[in-house]
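The block underneath contains the structure these notes are about, expressed in structure tokens.
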Amino acid sequence: MTPVRAPEPVRAKPDAVCVAAVEPARDAAIAEAGAKQVGEHLGHLVEGERLVTHYFASTHPGYRGWRWAVTVTRASRAKTVTVNEVVMLPGDVAIVAPEWVPWSDRVQPGDLRPGDLFPTHADDPRLEPGFTDTADAPEDVLTVVEELGLGRERVLSPFGREEAAERWYAGDFGPASPIAQAVPYKCHSCGYWIRLADSLGQAFGVCANEMAPGEARVVAYDYGCGAHSDATIDITEPPTPEHAFDTTGYDTLELADPNVALTPRAAEELAED
């Protein structure tokens with residue numbers, strides 16, 4: 001439910017004729033919505049000089065808390081009023097639609113699904129024109145263009161680069177994350193850390209340890225976790241315990257001679273034992 005603020009009353013002298021024009025205002029509301037939709041008179045609001053809005057309750061079951069607003073006025077020295085407009089407005093307890101948010105502002109990171117397209121604005125400050133005119137460029141220039149990734153229509157602008165760096169550094173894989181604060185190891189000294197190739201590589205790289213929480217993600221150089229390549233543990237071989245013998249007692253077992261055949265009765269008694 002979105003709260004609706006009532007308009008501030010205008011400091012104007014109430015016009016007696018407009019204030020008393022309750023029935024003409026009701027008739028205008030009935031002409032607009034029908035007699036069954038217009039309820040009791042809820043009061044009036046002075047909008048300006050000889051300008052008054054009368055409010056009537058809406059009896060429509062789908063518009064509980066709404067009200068019909070009929071604005072009336074009169075010319076100077078006139079004895080009758082003129083209806084300016086008839087509209088339905090939400091009251092203090094009316095259920096109204098949430099404030100409209102443009103589609104471009106509603107889409108959040110992670111909303112993109114297979115088959116979706118998220119168009120980029122032509123004036124996106126995160127991008128700037130790239131170097132694409134390579135028709136007559138010498139070979140050494142083409143090599144540099146390919147290495148730097150400039151053969152694109154648009155490339156990341158300094159603003160976009162700085163914005164991404166600030167977002168990554170303050171995110172879950174930056175130095176302020178709880179897991180990075182809990183360990184003394186840092187990514188810049190880890191064997192699994194692959195530094196980015198461009199200028200962002202001064203502060204960021206990609207984790208290549210499948211056991212780490214930042215695996216395959218961009219992580220800050222001073223991020224860290226317990227899966228650091230230097231986090232080794234020396235485990236010594238535990239000593240083998242000596243065999244323990246029960247010296248408190250023993251049982252005497254009579255073993256049958258395997259060379260002597262047992263009678264059926266002897267075999268049965270041996271099985272029972």
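The values are calculated or read from the model by the stated rules, or taken from the named source; none is laboratory data. Note that this is a predicted model, so its numbers are computed, not measured. Backbone-built Cβ (ideal geometry, glycine too); neighbour counts: all protein chains shown. Calculation scope for accessible area: heavy atoms of the full protein, side chains included, ligands and nucleic acids excluded. Shrake-Rupley method; radii C 1.70, N 1.55, O 1.52, S 1.80 Å.
Add +1 for every Lys or Arg and -1 for every Asp or Glu among the other residues with Cβ under 12 Å from the Cβ of A21, and state the total.
Value of the local net charge: +1.
Under 5 Å from the amide H of S157 lie the amide H atoms of L127, E128, each residue being 5 or more positions distant or on a separate chain, with H modelled from the backbone and absent for Pro and chain starts. Residues whose amide H lies under 5 Å from that of N84, counting only those 5 or more places away or on a different chain, are T71, V72, T73; hydrogens are built 1.01 Å from N in the peptide plane. Relative protection proxy for 117-129, 76-88, 101-113, from highest mean packing down: 76-88, 117-129, 101-113 (other beta-carbon atoms within 10 angstrom).
The 1.4 Å probe gives accessible areas that order D27, D15, largest first, as D27, D15. With K and R counted +1 and D and E -1, the other residues having a Cβ less than 10 Å from that of E49 yield a net charge of 0.
A Förster radius of 45 Å, combined with the Cβ-Cβ distance separating V22 from V107, puts the computed FRET efficiency at roughly 0.40. Taking a straight Cα-Cα cut-off under 26 Å and skipping sequence neighbours fewer than 8 places away in the same chain, the lysines within cross-link reach of K13 are K79.
V38 contributes about 20 Å² of solvent-accessible surface, heavy atoms of the protein only, 1.4 Å probe.
For region 98-215, just list the percent of Cα-Cα distances falling in each 5 Å bin from zero outward, please. Percent of Cα pairs in each bin: 2, 8, 12, 15, 15, 16, 14, 9, 5, 2, 1, 0. Only one residue of S157, H54, T80 has its Cα farthest out toward the positive end of the dipole of region 49-204, where Lys and Arg carry +1 and Asp and Glu -1 on Cβ, and that residue is T80. What the phi angles of region 95-103 give under the Karplus curve with 6.51, -1.76 and 1.60, with θ = phi - 60°, is a coupling list of 8, 10, 5, x, 4, 5, 10, x, 4 Hz, glycine and proline written as x. Around the amide H of R50, modelled in the peptide plane, lie the amide H atoms of D15, all under 5 Å away and 5 or more residues distant in sequence or on another chain. For the peptides 205-213, 67-75, 136-144, residues were scored by their other Cβ atoms within 10 Å and the scores averaged per peptide; the highest-first order is 67-75, 205-213, 136-144. Convex hull volume of the C-alpha atoms in region 153-255, normalised per residue: 203 Å³. To the nearest 10, the accessible area of Y223 is 10 Å² with a 1.4 Å probe. Computed from backbone phi, the HN-Hα couplings of region 138-143 come to x, 4, 5, 5, 4, 5 Hz, rounded to whole numbers (Karplus: 6.51 cos²θ - 1.76 cosθ + 1.60, θ = phi - 60°; Gly and Pro given as x).
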